[in-house]
Every structure is written in C-alpha cells, then in structure tokens.
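Following: one structure in structure tokens, then a few remarks.
The values are calculated or read from the model by the stated rules, or taken from the named source; none is laboratory data. Only a predicted model underlies this, so the values are computations on that prediction, with no experimental measurement involved. Cβ coordinates were reconstructed from backbone atoms using ideal geometry, including for glycine residues, and neighbour counts include every protein chain displayed. For accessibility, only protein heavy atoms count, side chains too; no ligands or nucleic acids. Shrake-Rupley method; radii C 1.70, N 1.55, O 1.52, S 1.80 Å.
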Amino acid sequence: MIPVLPLLLLVLCVSSPIIAHGKTSSLKSSAVCSGHRVSTPVCSRAWLPLNHRRGPCSPFPSSSETIPSTADVLHRDRLRADTIRKGLNGTAGANKRGGGVTVPTALGSSLDSLEYVVTVGLGTPAVTQTVHIDTGSDVTWVQCRPCPAAACHPQKDKLFNPAMSATYSAIPCGSAACNGLGGPGQYGNGCSKRRRECQYIVKYGDGSNTTGTYSSDKLTLTPAFAVDHFKFGCSHAEQLFTDKSDGLMGLGGGAQSLVTQTATKAFSYCLPPAASYSGFLRLGAARAAASRFAVTPMYRSENVDTYYLVLLQGIAVAGRRLRVPPSAFAAGAVMDSGTVVTRLPATAYRVLRAAFRKEMRMYTRVAPPSESILDTCYNVTGDVKVIPSVSLVFERGATVELDRSSGIMLDGCLAFAPNDDDESVGIIGNVQQRTLEVLYDVAGGAVGFRPGAC
C-alpha cells in the first residue's frame, strides 16, 4: 500500500490558445508534419518542442533507421516494464533508506523503447544535441569524442567534442558529484587512473549500456535559459543502442537528473497524438488556474528515487465506472514517459477488457500479433469515433479521459496489458498520456493532467 503523503497543489500558468489545425480520428500518422497544435506558453522557465523519433516531425532523416514492427516495440516495452517493477521491488536499484540490498549495475530501464526527443545545446559555443527524454532515468549522457566507430552508434549530429568547449570540465575523482554516483555498482564506474577523472556507467534492462567520463558543461535549453556546470555522462562507449539520437536526458527524481540539478520545482510535457504532430517539454511551469489540471498526489519509492508514482483507483468505460475493488490498485502505478503500453493489475485488466469488448462488439475481432502482450484487437480503419471512451480515475477524484483517437488503441489493439497479479506496481504508459499535458509538481508532491494540450 502506498503511504499517504501531503498534497500541495501547484497553480500553473494558462497556455496560449490552441491553434486550430483540426483533429484527426485516424490511428495512423499522416505523411506530413502538421506542426504544433498549441501556441508556445509565454510564462515558462523553458519550453522546448518535443517530437516522436520516427515520422514526418522527427528531427532524424526518414531513412536513418528501420522502423520496427509493433511486436518488436512491445518486446522492448516488456523489458522496460519488467526492469521498473524489479527496481521498485528492491531487486534492482539502490535502497537508499534501508540496508541489505545489493546494488547491481543494471539500473536503467529499456533504452530502445524510448520514443520522444528534444534538441538542446551543450558546451560553449553550444553544440546541437538531440536526445531522448526519459522520466525513468537520472543520468543525462551524450556520445563524446573520442568514440571509436566500433564503440559508438551513428548519430544525427556531430559527436560532442569536449576539447572544443570553453566551459567543459571532467569531474574529478573523490568529488562530491563523483561520490554521489554510488561507486562501482550503481552509476559509478571507478576513476581513470591516468587523469583521475570520474567514470560513470549505466546499464539498461534491454542489455544496452553507456560508459565514459562524468563531466560538467553548460547546457542551453533555450536562448534565454541555460544551466551552468550541468553534470552529464560523456559517453566514450555504448552497446546495442541503434537509434540515431545523440544521447538521453534524464528527467527522473534522482540526484543526477536535470530536474534535480536545476532545482526545478515542476516540469511538464505533452506527447502528441501521432508522429505527424509536435508536443512540448516545459520546465519550471508557471502559475495559472489549478482547475485546468486534474491533480492527484505524487509518491516516491523507498527503493529507488527515480520514479514518480500515483495511485489509480478506478477505470470508466463509455462513462460507466467499472466494478474493480480498490484493493486491486494498492501497489500504485509509475508515471513513465518511456513505457508504451499501460500495465494494470490483473483483476482490473480483466474487467476493463470485458467492458471494452462489449462496447466494441460492432467490430470484428482479429488475432493479436504473434507473441504480443496485447490480446484485444480489431479490424478498425477510417473513422474511429465509435470507439468507447476510457477514463482513468486517480486518488482524490482526479478523472482523466484518454484521447479517443490516440490514447486507447495501438495498431487496432486495446493498448493495455495485465501484470501477473494485483501486487505488482502498475505503469501509466505513453500511449495513454498522448495529448495530455502531464505535470510533475515535484515540490508540491502532485501529478496533474490537462486535456487537449497538444
């Protein structure tokens, strides 16, 4: 059971009016980038465009990588979900408030399941770097020179060259920042004997990893907002990462994350409904009417401080609350930008599936993809307005209706999957977060949801 924590509501600034581009009901992306469906908020500390890594709005060339099948995506998604659950059960990650837990090196979630990227500047002068965002990671890293071709993956931008930055410095061994990595076994990887430079390592649940020099440099998020002495991993070797991105931006709750380093009291993002639209990442969300957000308490794990948790209490289909005992949700759920499909307690999933199938009886059921974690699939094309509404009900009555055209189904299948039991932590995946501005009020201990934000 998640313990009760105080809730402090963060009042945010109202975004500028929505730009009318129309709303597609298709489950597929168009071949043309339609840009932003909202105008830029004028009261944020920093506001960055956010795009899916594949599709017409992607900053990567369309021919830069092979588009994986849905089965491949869901396979990687399963690895990520398993890693998160193991971390929260104390079998991976550090228990910083208790003893008796051996800290392994594999702390990160599955890396190749990440789908959304932003572009920042690193160094002086600033060098463009396009990186994945990940609320399930703390250490930010980019590939750096020297990085032999055999040790690094091809990327969109030029490799970051520390020697060309006037503000770069390697973090020394024995420093507080180096010691904060936890030593060999957590994020620390010892020290360079020749230069006495702090070394880091992150091993991800899918077998990929990155290692190199833990470093400091200027991070430019927007022309008006930069972070001096930002600590990040300068990767000189990585394995099994096939994406064209330059690295990763950690938005987790740990000491090494961008959120903690910038003392950001709140941040938010909006994941677009399809790859043919852009979303946004916002740091330091400013003040406005709290009524624009459905707000629920945020919780943190005692095992690992990376993850942000909420308490789901119910589900509604077609406007009717399903009969799921509250005890089924007692383990809580992680809000995660990197997990694709929402994981529910087994009991809750069975009830949701039955209700959804009843409402979808006018469609022809089809067999799910081979070895897929999805089991409720239909032959749906064209207009999807008759798909029933699905709402998630969180603690304190925060009710969030999912976007009907993009937040319920994935390639014709119900985009939910069951845990093995009701005792394992759930995960709110990024399909269900589409078009919502998801607010992480870290200082106030709350998570908020604003519909129709992108």
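For region 426-454, which positions are within 19 Å of Gly314 (Cα to Cα), among the small types (Gly, Ala, Ser) and assigned to a loop (DSSP other than H, G, I, E, B)?
Once the filter is applied, which keeps residues that are within 19 Å of Gly314 (Cα to Cα), among the small types (Gly, Ala, Ser) and assigned to a loop (DSSP other than H, G, I, E, B), region 426-454 yields only Gly429.
What do you reckon, is Asp403 assigned to a loop (DSSP other than H, G, I, E, B), modelled with pLDDT under 95 and among the charged types (D, E, K, R)?
no
May I ask you to verify whether Phe293 is aromatic (Phe, Trp, Tyr), under 13 Å from Asp441 (Cβ atoms) and open to solvent by 10 Å² or more (accessible area, probe 1.4 Å)?
It is true that Phe293 is aromatic (Phe, Trp, Tyr), under 13 Å from Asp441 (Cβ atoms) and open to solvent by 10 Å² or more (accessible area, probe 1.4 Å).
Give region 232-266 a look and list any residue that's surrounded by fewer than 24 Cβ atoms within 10 Å (Cβ to Cβ), of a type outside the set (A, V, I, L, M) and assigned to a strand (DSSP E or B), or say none.
His236, Glu238, Gln239 - these are the residues of region 232-266 that are surrounded by fewer than 24 Cβ atoms within 10 Å (Cβ to Cβ), of a type outside the set (A, V, I, L, M) and assigned to a strand (DSSP E or B).
For region 206-218, how many residues meet the condition of being farther than 17 Å from Tyr168 by Cα, β-branched (Val, Ile, Thr) and in contact (Cβ under 8 Å) with a residue 60 or more places away in the chain?
1
Pairs under 6 Å by beta carbon, first residue among the β-branched types (Val, Ile, Thr) in region 193-205, partner outside any loop (DSSP other than H, G, I, E, B) and at pLDDT 75 or above, six or more apart or different chains?
Qualifying pairs under 6 Å: Ile201/Asn189; Ile201/Thr211; Val202/Thr210.
So that you can scan it fast, the table gives a plain yes or no per residue for (1) touching a Ser or Thr at 6+ places or on another chain (Cβ under 7 Å); (2) part of a loop (DSSP other than H, G, I, E, B); (3) at pLDDT 75 or above; (4) surrounded by fewer than 18 Cβ atoms within 10 Å (Cβ to Cβ):
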site	(1), (2), (3), (4)
Ser58	no, yes, yes, no
Pro61	no, yes, no, yes
Ser64	no, yes, no, yes
Pro68	no, yes, yes, yes
Leu74	yes, no, yes, no
Ala81	yes, no, yes, no
Ile84	yes, no, yes, no
Gly87	no, no, yes, no
Thr91	no, yes, no, yes
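Could you list, in sequence order, the residues of region 310-335 that are open to solvent by 10 Å² or more (accessible area, probe 1.4 Å), of a type in the set (Gly, Ala, Ser) and either in a helix (DSSP H, G or I) or farther than 16 Å from Arg396 by Cα (or both)?
Ala318, Gly319, Ser327, Ala331
Got at least one residue in region 399-413 being surrounded by 18 or more Cβ atoms within 10 Å (Cβ to Cβ) and either over 27 Å from Thr135 (Cα atoms) or in contact with a Cys (Cβ under 6 Å, 6 or more places away or on another chain) (or both)?
For region 399-413, residues surrounded by 18 or more Cβ atoms within 10 Å (Cβ to Cβ) and either over 27 Å from Thr135 (Cα atoms) or in contact with a Cys (Cβ under 6 Å, 6 or more places away or on another chain) (or both): present.
Taking the condition of being crowded, with 17+ Cβ neighbours inside 10 Å, part of a loop (DSSP other than H, G, I, E, B) and among the charged types (D, E, K, R), how many residues in region 155-207 meet it?
Counting residues in region 155-207 that are crowded, with 17+ Cβ neighbours inside 10 Å, part of a loop (DSSP other than H, G, I, E, B) and among the charged types (D, E, K, R) gives 3.
When you go through (1) at pLDDT 90 or above; (2) farther than 22 Å from Arg53 by Cβ; (3) open to solvent by less than 10 Å² (accessible area, probe 1.4 Å) one by one for Ala226, which number turns out not to apply?
Checking Ala226 against (1) at pLDDT 90 or above; (2) farther than 22 Å from Arg53 by Cβ; (3) open to solvent by less than 10 Å² (accessible area, probe 1.4 Å), the one that fails is (3).
Filter region 364-394 for residues that are out of contact with any helix residue (DSSP H, G or I) (no Cβ under 9 Å at 6 or more places or on another chain) and surrounded by 16 or more Cβ atoms within 10 Å (Cβ to Cβ); which is nearest to Pro273 (Cα to Cα)?
Val384
Take region 344-354 and flag every residue that is open to solvent by 10 Å² or more (accessible area, probe 1.4 Å), under 17 Å from Cys377 (Cα atoms) and touching a residue at least 40 places away in the same chain (Cβ under 8 Å).
Within region 344-354, Arg350, Arg353 meet the criteria.
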